[in-house]
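Scroll down for the structure; my scribbles are underneath it.
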Amino acid sequence: MKLIIDIDEEARNELFDIANNGRDISLSLQNTMIMAIANGTPLPKGHGRLIDEDNIIECAEMADDSFEWGVYVVKMKYIRDMPTVIEADKGE
């Protein structure tokens, strides 16, 4: 299962410090992580590649053209070229 969790940068940095230096994880951080996982958003099996919609809109607006089909083709190219935020799930 892929799960999106929301943690603050301080908690993330502490986790990396623990992983890199072999420290024990504090009870407070354990609780923070448990709550983040419990409140996480599961991604559905077989989802497609996730990309940044705001980036798509910005690029598509810059590609405006009077010829409707040309605009569609250019906009689709921009969508295909957007950086992937989360890879597609093959549903295996």
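A short reminder: the numbers here are calculations on the coordinates, not readings from a lab. All of these numbers come straight from a predicted model, not from anything done at the bench. When we count neighbours, we look across all protein chains shown, and the Cβ atoms used for this are built from the backbone with ideal geometry, even at glycine.
Among the residues of segment 5-24, write down those that are of a type in the set (D, E, K, R) and either exposed (fewer than 14 other Cβ atoms within 10 Å of the Cβ) or touching a residue at least 40 places away in the same chain (Cβ under 8 Å) (or both).
At the first step, the residues of segment 5-24 found to be of a type in the set (D, E, K, R) are 6, 8-10, 12, 14, 17, 23-24.
Asp6, Asp8, Glu9, Glu10, Arg12, Asp17, Arg23, Asp24 - these are the residues of segment 5-24 that are of a type in the set (D, E, K, R) and either exposed (fewer than 14 other Cβ atoms within 10 Å of the Cβ) or touching a residue at least 40 places away in the same chain (Cβ under 8 Å) (or both).
Go through segment 11-59 residue by residue and tally those that are under 27 Å from Tyr78 (Cα atoms) and outside any strand (DSSP E or B).
15
Being surrounded by 10 or more Cβ atoms within 10 Å (Cβ to Cβ), over 11 Å from Met1 (Cα atoms) and either touching a residue at least 40 places away in the same chain (Cβ under 8 Å) or of a type in the set (A, V, I, L, M, F, W, C) (or both) is the filter here, so list the residues in segment 25-46 that pass it.
Ile25, Leu29, Met33, Ile34, Met35, Ala36, Ile37
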